[in-house]
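Novice: Just passing along the structure, written as structure tokens.
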Amino acid sequence: MPTLTQEPPNKAVQPLFIGLQSYTEAQSEQFYGRDDEIDRLTNLVKANTLTIVFGKSGTGKTSLLNAGVFPRLRKDYCLPFRIRLEFSDDSPDLVTQIKNTLSAEIDKYGFKVESYPSTQTLWEYFHQEQLWKSVTPILIFDQFEEIFTLGKKSQRFGAKELADFWEELADLIENSIPEKLKDHFLNQKEEVTFNYKAQKVKTLFSFREEFLPEFESITAKIPSIKYSRFRLMPMNGDQAYQVITKTWKEKIYASEAHKIVGFFASEQEKDLPYEALEIEPSLLSQVCSFIDRERLLQGMDKMSAEFLNKYPKDIILSSIYYEVLTESNAAIIGNSQSIDKPSVSAEKPVNEFIEDKLITDEGYRTKYVLSVQDEKIKPGIEVLKAKYFVRDDGKSVELTHDVLTPLIKRDREARRKSLAMAIAKRKATRRAVYIVGLALTAAVVIWYLTANEAIQKKKQAEKEYAALEQKLKKDSASLASLEDSIKVKQKNLKNIGQERGATEDGSGGTNGDTSISRVTDTIQDLLLQKGILTVRQTELENEKSALESSIAKKNKEIDDFINYQRRLDSANIDAKRSIRFLQERLRDNLAALEATTNRYNNMVKFHNDYIVQVSKKDLVEEEDTTSDMLYDTNSLHINLQYASVKKGQSKAPKNLRIYLIPDNGSNKNIIRDAKTYEMYCNELNLDKAKGRKIARFKDGAYKFYDVPPGKYLVKICTYYGGYYTYTRKRSGNDIVSWEAAPPVQ
């Protein structure tokens with residue numbers, strides 16, 4: 001079966017569809033099916049200061065702007081600047097990124113300007129520069145939802161920088177004099193050399209429609225957001241038909257094009273007109289690119305809808321994705337033969353790289369800056385770039401399209417679930433070992449308590465055994481005598497039985513002839529059967545007449561059955577193909593499971609080594625009594641005990657591991673996970689907490705030294721241990737008494 005990793009027989013002949021790539025401005029002549037949307041959006045941009053474009057992921061917003069709207073705007077003396085903001089730690093501030101894009105585009109098209117945007121505000125620059133008297137600049141922010149998915153969560157771009165960015169954009173869009181310039185422009189008008197009242201620039205925001213509520217929240221700052229809006233919908237059947245026929249031109253018949261459009265309709269949509277269908281452009285392009293490659297692989301000139309029968313509809317995209325991943329992983333493993341084979345895992349490094357680095361926890365794509373640590377993954381990234389699944393700007397990589405993110409997120413969750421199950425299994429094993437250890441300890445204690453009593457009873461048992469042995473010998477002799485007596489009686493009984501049998505005799509009986517009554521009964525039965533057969537003959541004649549009248553109907557049913565059988569055979573062929581594909585997927589998953597198990601074993605070893613190292617470190621700190629005297633002035637002392645209904649209270653052991661974790665935003669997730677009751681703590685997670693402290697056991701109490709005022713979580717790592725919340729309001733030493741295993745809160 002051909003796969004995407006194969007090359008067409010003639011490498012110079014490439015598929016006509018571009019798959020997951022967005023159309024560029026240079027490809028505007030090959031961008032079909034969106035003429036009406038191009039006209040409406042272009043007119044909105046020209047008529048309004050601000051336009052927002054939103055739509056679902058995969059509807060083709062970037063392609064519509066690049067290949068549709070940009071060329072139209074240029075014809076009307078407009079200069080579009082496509083801006084994609086970056087949120088890396090080393091990226092410039094957001095306003096500087098806009099200015100850098102302006103400068104680069106001006107040089108790219110060879111415009112002569114008096115100045116480039118520098119330290120002045122954007123509002124000042126667009127009013128001062130003479131170029132914008134004859135050319136209308138249009139700032140187009142593509143994929144602008146990233147300001148919410150990446151910008152808000154970035155420590156590099158805090159609330160203040162985002163606020164400054166929105167303020168500068170608001171001044172530019174609403175043509176408001178910046179606050180810091182109002183005195184200069186309003187009170188010293190003679191020094192103003194340009195008309196600052198005229199609007200010089202247009203702006204467009206393009207983003208995914210689920211982020212529309214986020215934009216509604218800034219309408220008070222930028223009222224223009226409410227007025228000019230354009231929602232990009234999926235293509236309908238007529239538009240998809242145009243894309244297919246205009247792209248393949250003479251390489252496809254009209255009937256085959258209709259079959260491909262019908263491929264995207266569900267069973268409920270089969271009878272709907274084309275204009276009522278909804279088809280995602282990204283899926284259309286990907287599927288058509290897939291079958292176009294199949295056409296080239298088979299050396300066929302004409303396109304056939306039969307190529308779609310190779311795979312079920314719902315797994316074509318995943319089939320393409322997994323094939324590319326297979327090739328990417330193979331590139332890394334092959335490259336490792338000559339580099340550092342032992343350090344390159346034999347599992348699926350590209351899958352993990354995409355799942356962990358190129359999408360956020362919520363499932364949105366993000367950029368990732370490559371470093372020297374990613375050197376081994378680069379051969380796989382080059383394959384992804386060649387297949388247009390990722391792109392890079394020289395320093396970072398990202399997915400080419402959002403359409404892949406649900407699939408990637410699903411695989412990542414499955415991988416993490418498998419890892420979590422393995423960890424849970426490990427914990428269960430540890431608990432079982434702990435319980436067995438307790439059982440063995442209890443057995444030893446019981447043996448020790450009963451050992452002395454058993455020694456005393458042994459001598460008494462030996463005496464009783466000797467007496468019992470003598471009695472047994474006497475009983476054995478009596479039993480032998482009884483058996484001899486029984487044998488004699490059995491022999492006598494046998495002789496008596498033989499004598500009695502010789503005196504007995506037998507006699508025979510007589511048989512009668514066949515009676516007349518039996519013959520009479522036979523004749524009556526025959527007469528009765530004859531009557532029954534006569535009635536049955538009449539019924540059969542009636543049935544024959546009815547059967548003859550339905551022959552035509554039965555013949556039609558047979559023809560229908562033959563047609564149904566043919567369709568069933570075709571469905572069976574498709575099902576067998578699906579089964580083969582799923583079997584291949586199962587083999588891959590089993591291989592991934594084995595690799596994950598190996599990785600898990602390595603993680604366990606690392607964890608055990610880590611605990612040993614930390615334990616040694618804590619042991620050294622406990623021996624440092626000098627530091628105790630120096631810092632035991634502003635501390636928290638904890639008296640721990642185990643509570644028991646029968647025995648009262650007992651002191652907790654001195655080897656417990658107890659954490660003091662500041663309750664702040666940076667430790668939010670760690671504290672949430674720590675608020676569970678478990679047999680053992682997750683030390684690897686707790687040790688990541690910022691500002692965490694580990695208690696030292698001194699003078700019968702656990703102590704945390706130099707604890708500043710604030711709110712804390714105290715996590716006790718003991719058998720089924722829990723946690724306490726602790727708030728320190730003053731300086732000095734605090735002494736508390738807690739149970740080592742508190743009740744569930």
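Novice: Just to be sure before I move on: is ASP164 farther than 30 Å from LEU358 by Cβ and either open to solvent by 10 Å² or more (accessible area, probe 1.4 Å) or outside any helix (DSSP H, G or I) (or both) in the structure I sent? Can you show your working first?
Specialist: Values: farther than 30 Å from LEU358 by Cβ: no; either open to solvent by 10 Å² or more (accessible area, probe 1.4 Å) or outside any helix (DSSP H, G or I) (or both): yes.
When the stated conditions are applied, ASP164 does not pass them.
Novice: With the requirement that a residue be under 30 Å from TRP166 (Cβ atoms) and either of a type in the set (A, V, I, L, M) or open to solvent by 20 Å² or more (accessible area, probe 1.4 Å) (or both), what does region 225-282 give you?
Specialist: Result: ILE225, LYS226, TYR227, ARG229, ARG231, LEU232, MET233.
Novice: To continue, here is another question. Return yes when GLU382 is of a type in the set (Asp, Glu), surrounded by 11 or more Cβ atoms within 10 Å (Cβ to Cβ) and at pLDDT below 85 and no when it is not.
Specialist: Here the answer is yes, as GLU382 does meet what is asked.
Novice: So which of ALA428, ALA439, ALA414 ends up being of a type in the set (A, V, I, L, M), surrounded by 11 or more Cβ atoms within 10 Å (Cβ to Cβ) and modelled with pLDDT under 80?
Specialist: Answer to the selection: ALA428.
Novice: Next question. Return the total of residues in region 167-192 being part of a loop (DSSP other than H, G, I, E, B) and at pLDDT 80 or above.
Specialist: Count: 4.
Novice: Could I ask something else about it? For region 34-57, which positions are outside any helix (DSSP H, G or I) and surrounded by 22 or more Cβ atoms within 10 Å (Cβ to Cβ)?
Specialist: To start, the set of residues in region 34-57 that are outside any helix (DSSP H, G or I) comprises 34, 48-57.
Once the filter is applied, which keeps residues that are outside any helix (DSSP H, G or I) and surrounded by 22 or more Cβ atoms within 10 Å (Cβ to Cβ), region 34-57 yields ARG34, LEU50, THR51, ILE52, VAL53.
Novice: Exposed (fewer than 13 other Cβ atoms within 10 Å of the Cβ) and modelled with pLDDT of 90 or more: does that describe LYS690?
Specialist: In short, yes.
Novice: Quick test for you: out of TYR712, TYR659, TYR702, TYR719, pick the one residue that is surrounded by 13 or more Cβ atoms within 10 Å (Cβ to Cβ), among the hydroxyl-bearing types (Ser, Thr, Tyr) and modelled with pLDDT under 90. First the steps, then the outcome.
Specialist: On the way: TYR712 fails: modelled with pLDDT under 90; TYR659 fails: modelled with pLDDT under 90; TYR702 fails: modelled with pLDDT under 90.
Result: TYR719 is the single residue among TYR712, TYR659, TYR702, TYR719 that is surrounded by 13 or more Cβ atoms within 10 Å (Cβ to Cβ), among the hydroxyl-bearing types (Ser, Thr, Tyr) and modelled with pLDDT under 90.
Novice: Which of the residues that make up region 204-224 are within 29 Å of the chain's Cα centre (by Cα) and open to solvent by 70 Å² or more (accessible area, probe 1.4 Å)?
Specialist: Passing the criteria: GLU210, PRO213.
Novice: Still on this structure: What residue, of LEU79, LEU139, LEU73, LEU102, is modelled with pLDDT of 90 or more and under 22 Å from ILE218 (Cβ atoms)?
Specialist: LEU139
Novice: Which one is farthest from GLY60 (Cα to Cα), of the residues in region 86-143 that are of a type in the set (Asp, Glu) and part of a helix (DSSP H, G or I)?
Specialist: Looking at the filtered set, the residue picked out is GLU124.
Novice: Oh, and also: Can you confirm whether region 358-374 contains a residue that is modelled with pLDDT of 70 or more and on the phi > 0 side of the Ramachandran plot?
Specialist: Within region 358-374, one or more residues are modelled with pLDDT of 70 or more and on the phi > 0 side of the Ramachandran plot.
Novice: Now for a different question. Can you list residue pairs whose Cβ atoms sit under 6 Å apart, with the first residue in region 134-160 being within 21 Å of THR51 (Cα to Cα) and the second being assigned to a strand (DSSP E or B) and open to solvent by 10 Å² or more (accessible area, probe 1.4 Å)? Count only pairs 6 or more apart in sequence or on different chains.
Specialist: THR136/CYS78; ILE138/CYS78; ILE138/LYS202; ILE140/ARG82; ASP142/ARG82; GLU145/ARG208
The values are calculated or read from the model by the stated rules, or taken from the named source; none is laboratory data. Not measured: the values here are computed from a predicted model. Don't worry about glycine lacking a Cβ; one is built from the backbone with ideal geometry, like all the others, and counts go over all protein chains shown. All accessible areas refer to the heavy atoms of the entire protein, side chains included, with ligands and DNA or RNA removed. Shrake-Rupley method; radii C 1.70, N 1.55, O 1.52, S 1.80 Å.
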